[in-house]
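Encoded as structure tokens, the structure appears first; notes follow it.
The values are calculated or read from the model by the stated rules, or taken from the named source; none is laboratory data. Not measured: the values here are computed from a predicted model. A quick note on method: Cβ atoms are made from the backbone with ideal geometry, for glycine too, and the neighbour counts reach across all protein chains shown. Accessible surface is based on the protein model in full, side chains and every heavy atom, while ligands, DNA and RNA are left aside. Shrake-Rupley method; radii C 1.70, N 1.55, O 1.52, S 1.80 Å.
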Amino acid sequence: MSIELQLKVQDLNARYAQAIDDNKLEAWPDFFVEQGSYRVTTAENVERGLPLGMIYATSRAMLRDRVRSLRDANVYEAQRYRHLIGAPLIEPAGEGTVRAQTPFMIARIMHTGETVLFATGRYQDHIVFADGEARFAEKVVILDSRLIDTLLAIPL
Amino acid sequence: MSIELQLKVQDLNARYAQAIDDNKLEAWPDFFVEQGSYRVTTAENVERGLPLGMIYATSRAMLRDRVRSLRDANVYEAQRYRHLIGAPLIEPAGEGTVRAQTPFMIARIMHTGETVLFATGRYQDHIVFADGEARFAEKVVILDSRLIDTLLAIPL
Amino acid sequence: MSIELQLKVQDLNARYAQAIDDNKLEAWPDFFVEQGSYRVTTAENVERGLPLGMIYATSRAMLRDRVRSLRDANVYEAQRYRHLIGAPLIEPAGEGTVRAQTPFMIARIMHTGETVLFATGRYQDHIVFADGEARFAEKVVILDSRLIDTLLAIPL
């Protein structure tokens, strides 16, 4: 485990979370490579061998569409989110790439001020380093809860 | 981003949180420089350009007064707090200083044992390194929730 | 504070949490040395000078027994856990060992999908580095809440 690599992944995760939590959704697709994929699934599905259950996006363009829909629907503005992301567990995955598993908790803060623990789980990421930038080639969000309907709409 | 700097800020945050969570409030002012400032505000206020809304203290002496009030009022003893602090995003801010943005969650544990997610937000810090010590020249606590009345009394 | 040491402890904590959260309980005892001890207590007990109140296990073999009981009783399967572990505060403790204090939050996710903040506290660990592996010689789980009855059954 290289210390530099560890901190680069940690930094990527911190910037990713900050963009979402600061409601800078338009920056969200840029954390992925052009043909990057983003999926959301549940731990239960993964254990049953159904990891591909809920595909979300397989390119930056699809992520941009998704952000546009969120803005149009105006659903995102009524609440805030706060990610807290744990230390990543990293393993090399070929020249200039790593795989990382990282636990997270997300709180939702309603307009009324009420705060709830909204989602927990882990990221299973494939990260590419190119041109001095770290980006997700693949991000799988594995949620601990099976109740994920309301979670699917927003970036996690 | 220097690895050493990253870990120094992380260490400062960890010691800061531990002092508060261990009820060692008398140590709290020492995490600031003599003329250090401590403010609490909300994300909503920051977005509206009202970042200076709630000034709290502009010196270590004022922070000490604050701790004395808390001890006299005896309000602090009835519950515990637990901070969990994410990875800081750091940028240089002149010779021997950095700016750091850091997400946090705070749980409150009542005397009855009940535990709630009490506050979430991010720290916006100006940190000074001098004499081998890292201290806050400025700490702005930006809360995600707009309901912060009850939060203002205690160190966050 | 050595950067390498800091990251090794962080890595140990991350793997420890992942094993529990992935329901790989059989791997749990292997995070301890053969005569490693595991205790759970409350902050209140520690402050009253009763740190040894609730001894749990003083060897890997006892931890294995514990896991077997959990599997037999089948209690563990009905819910999931998610640890989020903060940055460790480390101090040297003799050749090849360190002491570390580390805050944590644990969420419990019920089979119904309901998620609650289940436990908070800090680990007080004695960690040994031998044969390229970091392991717990002693792990004391100090819970913030005094209501820990239901917490004692599962690995924390």
Inset, instruction - Provide the FRET efficiency to the nearest 0.05 for the A:Glu26-C:Thr112 pair, computing r from the beta carbons and using R0 = 45 Å. - result: 0.80
Legend entry - Rg over Rh [alpha-carbon atoms, Kirkwood Rh] for the range C:70-141: 1.11
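Nearest 5 percent is fine: what portion of the DSSP beta bridges confined to the protein assembly as shown is antiparallel?
In the protein assembly as shown, DSSP labels about 85 percent of beta bridges as antiparallel.
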Legend entry - Cβ neighbours within 10 Å from other chains - mean over B:108-120: 6
Inset, instruction - Once the label point is placed 7 Å from Cα along Cβ, list for B:Asp65 the distances to the corresponding points in the other copies, in nm, shortest first. - result: 6.0, 6.0
Legend entry - Cα-centre dipole for the protein assembly as shown with unit charges at Cβ (Lys and Arg positive, Asp and Glu negative), debye to 20: 840 debye
Inset, instruction - Starting from a label point 7 Å past Cα on the Cβ side, list the distances from A:Gly132 to the same position in the other copies, nm, shortest first. - result: 3.5, 3.5
Inset, instruction - Roll a 1.4 angstrom probe over the protein heavy atoms and tell me the percent of accessible area of the protein assembly as shown that is carbon or sulfur. - result: 51 percent
Legend entry - Loop GluC sites (Glu not before Pro), the range A:25-97, which have at most 15 other Cβ atoms in a 10 Å radius of their Cβ (DSSP): A:Glu95
Inset, instruction - Specify the angular offset, from 0 to 90 degrees and rounded to the nearest 10, of the alpha carbon long axis of helix A:60-73 from the longest principal axis of the alpha carbons in chain A. - result: 10 degrees
Legend entry - Other-copy label distances relative to A:Glu26, 7 angstrom Cα-Cβ extension, nm: 5.3, 5.3
Legend entry - For residues of A:11-21, the mean tally of beta carbons on other chains within 10 Å: 3
Legend entry - Fluctuation leader among B:Gly36, B:Gly121, B:Gly96 - chain B, Gaussian network, Cα springs under 10 angstrom: B:Gly96
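Taking 10 °C and 1.306 mPa s as the conditions, I'd like the Stokes-Einstein D for chain A in µm²/s, using the Kirkwood hydrodynamic radius from alpha carbon pairs.
For these conditions, the coefficient is 99 µm²/s.
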Inset, instruction - Would you compute, from DSSP H runs of 4+ residues alone, the mean residue ellipticity of chain C at 222 nm, taking -39500 (n - 2.57) per run and dividing by the full residue count, rounded to the nearest 500? - result: -7500 deg cm²/dmol
Inset, instruction - Calculate the dipole size of the range B:66-125 relative to its Cα centre from +1 charges on Lys and Arg beta carbons and -1 charges on Asp and Glu beta carbons; express the result in debye to the nearest 20. - result: 180 debye
Inset, instruction - Of the DSSP beta bridges with both residues in chain B, give the percent that are antiparallel, rounding to the nearest 5. - result: 85 percent
Inset, instruction - For the range C:73-156, give the share of DSSP beta bridges that are antiparallel, in percent and rounded to the nearest 5; count only bridges with both residues there. - result: 100 percent
Inset, instruction - Mind checking which lysines have their Cα closer than 30 Å to the Cα of A:Lys139? Skip sequence neighbours fewer than 8 apart in that chain. - result: A:Lys8, A:Lys24, B:Lys8, C:Lys8, C:Lys24
Inset, instruction - State the answer as a single residue: which of C:Asn23, C:Thr115, C:Ala93 lies farthest towards the positive end of the charge dipole of chain C, with beta carbon charges of +1 for Lys and Arg and -1 for Asp and Glu, about the Cα centre. - result: C:Thr115
Legend entry - Stretch gain in nm, segment C:Glu91-C:Leu147, where the contour uses 0.36 nm per residue and the Cα spacing is subtracted: 17.1 nm
Legend entry - Radius 12 Å from Cβ of C:Ile90, net charge of other residues (Lys, Arg +1; Asp, Glu -1): -1
Inset, instruction - Give the interface area between chains B and C as buried accessible surface, both sides summed, probe 1.4 Å, in Å² to the nearest 100. - result: 2000 Å²
Inset, instruction - May I ask for the distance between the Cα centers of the range B:102-145 and the range C:74-128, given as a whole number of Å? - result: 20 Å
Inset, instruction - Could you tally the net charge around C:Phe129, taking each other residue with its Cβ under 9 Å from the Cβ of C:Phe129, Lys/Arg +1 and Asp/Glu -1? - result: 0
Inset, instruction - Go ahead and set up a Gaussian network model of chain A, Cα springs under 10 Å, then flag whichever of A:Val40, A:Val116, A:Val67 fluctuates most. - result: A:Val116
Inset, instruction - Using a Förster distance of 51 angstrom, determine the FRET efficiency expected from the C-beta separation of B:Met54 and C:Glu133, and round it to 0.05. - result: 0.55
Inset, instruction - Note the direction-averaged projected area, equal to a quarter of the hull surface, for the Cα convex hull of the protein assembly as shown, in nm². - result: 22.7 nm²
Legend entry - Dipole magnitude (debye, nearest 20) for chain C, charges at Cβ of Lys, Arg, Asp, Glu: 280 debye
Legend entry - Helix A:3-21 axis, angle to chain A major axis (alpha carbon atoms, nearest 10°): 20 degrees
Legend entry - Residue with peak Gaussian network fluctuation, chain B [Cα springs, cutoff 10 Å], from B:Thr102, B:Thr112, B:Thr120: B:Thr112
Inset, instruction - Could you tally the net charge around C:Asp30, taking each other residue with its Cβ under 12 Å from the Cβ of C:Asp30, Lys/Arg +1 and Asp/Glu -1? - result: +2
